[in-house]
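Nothing in this text is a laboratory measurement; each read-out follows from the coordinates by a stated rule. Quantities reported herein were computed from a predicted structural model and do not represent experimental measurements.
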Amino acid sequence: MSHSAAGLAGPVESVMSRRIVQILDRIPMSEVRNVAAKYDYNGFPVVTPEGRLVGMITKGDLLRVACAAFDDPGVWGQPVSRFMAHGILALRPMDSLRSAVRDMAEAKLRSLPVIDGECRVLGMVSRNDLMAAIAPEAV
């Protein structure tokens, strides 16, 4: 087994970040913009008031909204649910790091939420988290 493959033997929960910022599905894009500017995360899980994952919003999505706002500044008042990605890929805590690497590479994603059996977000796994598992001596 290669050194990098050995680093991928554990579960997703061993590398996921538990410090996450969640966005409520009803808040306006102007608030999402402010949250995104404050935190150095590429993507944010969007949840219902009960805490269930319903989508993801990324800084790329925000840039598309900013482009639309050139012609219609009112888009900043629209709810995040209008612009978020629906039907997103998510991981479970005991999924293998190998499957997380494969899923992220194939879907060309920068991060994935980790959810429990009731679709509540437990954490996030980013490319950086996976790189740290692949090359621990570089961290």
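Structure summary
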| quantity | calculated |
| --- | --- |
| Among Met56, Met124, Met104, residue whose mean-square fluctuation peaks in a GNM of the chain (springs only between Cα atoms under 10 Å) | Met104 |
| Under-5 Å amide H pairs with Gly55, H placed in peptide plane, nonlocal only | Val46 |
| For the chain, built as a Gaussian network whose Cα springs stay under 10 Å, the top-fluctuating residue of Pro11, Pro45, Pro113 | Pro11 |
| Normalised per residue, the volume of the convex hull around the Cα set of the chain (Å³) | 107 |
| Most mobile listed residue (Gly55, Gly117, Gly43) in the chain, GNM with C-alpha springs under 10 Å | Gly117 |
| Between region 67-139 and region 36-64, the Cα center-to-center distance that results, in Å | 9 |
| Residue-averaged [θ]222 nm for the chain, counting only DSSP H segments that reach four residues, each worth -39500 (n - 2.57) | -9500 deg cm²/dmol |
